[in-house]
Amino acid sequence: MRRAHRIVVLLVAVLILGGVALGATLRAADRAAEKDRVQAGGPEVRSGDVVLGTPGRTVFRNMAWGPHRDELTSVAEADPSGPRTASGVRCLRFHSAAGTGVCLQAVRGALRDGYRAVVLDERLRERRRYALAGIPSRARVAPGGRVVAWTVFVSGDSYAGSSFSTRTSVLDLRTGDLDRTLESYRFFLDGEEHRAADLNVWGVTFADDDRFYATVATGGRTYLARGDRAAKTLRSLRPNVECPSLSPDGTRVAYKKRVAGASSDAPWRLYVLDLRTLRETPTAERRNVDDQAVWRDGHTLVYSLPGDYGSDLWAVPADGSGRPRTLMDAALAPAFTPGPRG
């Protein structure tokens with residue numbers, strides 16, 4: 001009887017565990033299916049043609065629940081909360097300039113997912129594709145549309161921790177040359193060449209086809225660095241800078257920096273650096289910003305913050321004045337093409 005009792009107990013335990021697992025699976029499946037259903041009160045999204053570089057249209061990753069979630073979508077710059085046009089092209093990260101787009105995508109596999117970078121033309125047709133070594137993180141296109149960059153996490157899943165590694169690649173679309181990792185560039189720290197096994201580079205922002213800025217991390221610190229593709233060098237300019245974004249006129253850099261007293265899980269605030277005077281100005285955004293901001297124009301920064309459906313876009317003046325405001329709900333990774341000014 002004792003042996004029979006143990007068998008009964010074991011069978012009951014197996015049934016309970018099986019029920020818990022089934023319940024968890026069904027809840028996860030229901031949650032996934034819920035994301036395919038349009039949420040009440042959400043933005044209007046319909047299929048249509050999306051063309052990069054259309055004046056007065058903003059292209060972004062649509063995060064609103066429904067059949068067009070994660071698709072590249074456009075909306076009128078003058079009415080960012082208005083109807084959205086969805087393209088059918090899905091991206092995890094995206095950026096565009098001068099009619100060229102770079103789209104970092106997930107590739108669903110039988111055993112595990114993979115990732116790829118896809119270069120798009122103005123009508124979102126594929127020009128080139130490249131396998132990625134890790135999870136997509138950042139993407140940028142140079143102002144002329146001839147050079148693109150992307151960053152992936154090779155291990156770990158957060159910049160906030162210390163156990164991560166990145167890989168940033170830069171592709172010249174004119175020649176097809178691909179710098180697979182900017183860690184191969186010579187890095188000069190305070191004017192002296194610095195060689196280190198822990199070097200990481202991420203968050204490229206272009207001045208032109210050859211010159212760029214990026215984050216370089218080594219020795220537990222991060223630096224704003226100026227990059228030169230022709231010389232294959234990176235030179236430090238300022239410490240405690242991450243995910244820089246160059247202004248349209250090339251005179252200022254917006255970035256996130258770690259601030260004293262902030263939580264280790266939410267350490268960043270949004271700042272702007274004048275490259276001529278090296279004067280740093282905090283923006284009016286006091287919340288944690290874990291994003292590479294985008295300049296909507298020469299005066300306004302746009303960045304993502306967590307929202308009810310994954311991410312919302314916020315805007316704040318770059319000069320430290322004003323206050324943050326919601327620009328667009330359920331959106332991520334915007335690329336702006338301003339329309340004509342009256």
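Values for this structure:
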quantity: Computed label-point distance, nm, for sites L111 and R279 using a 7 Å Cα→Cβ extension; calculated: 5.9
quantity: Long-range amide H partners of C243 with built H, under 5 Å; calculated: T215
quantity: Karplus (6.51, -1.76, 1.60) ³J(HN,Hα), θ = phi - 60°, over the range 123-128, in Hz, Gly and Pro reported as x; calculated: 9, 6, 8, 5, 9, 8
quantity: Extension gain from R46 to D249, taking 0.36 nm per residue of separation minus the Cα-Cα distance; calculated: 69.6 nm
quantity: Where labels lie 7 Å past Cα in the beta-carbon direction, separation of T233 and D297 in nm; calculated: 3.8
quantity: Extended-chain gain in nm, criterion 0.36 nm per residue less alpha-carbon gap, A262 and R127; calculated: 44.3 nm
quantity: Sequence-separation-based contact order of the range 57-114, relative, with Cα cut under 8 Å and 6+ spacing, percent; calculated: 24
quantity: The range 290-297 - phi-based ³J(HN,Hα) in whole Hz, Karplus 6.51/-1.76/1.60, Gly and Pro as x; calculated: 9, 7, 9, 4, 10, 7, 5, 7
quantity: Estimated vicinal HN-Hα couplings, Hz - the range 254-263 in sequence order (Karplus 6.51, -1.76, 1.60; Gly, Pro = x); calculated: 8, 6, 9, 9, 7, 10, 5, x, 7, 4
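Just so you know, all these numbers are worked out from the coordinates, no wet-lab data involved. Quick caveat: nothing in here was measured; it's all calculated off a predicted structure. Neighbour counts run over all protein chains shown; Cβ positions are idealised from the backbone, glycine included.
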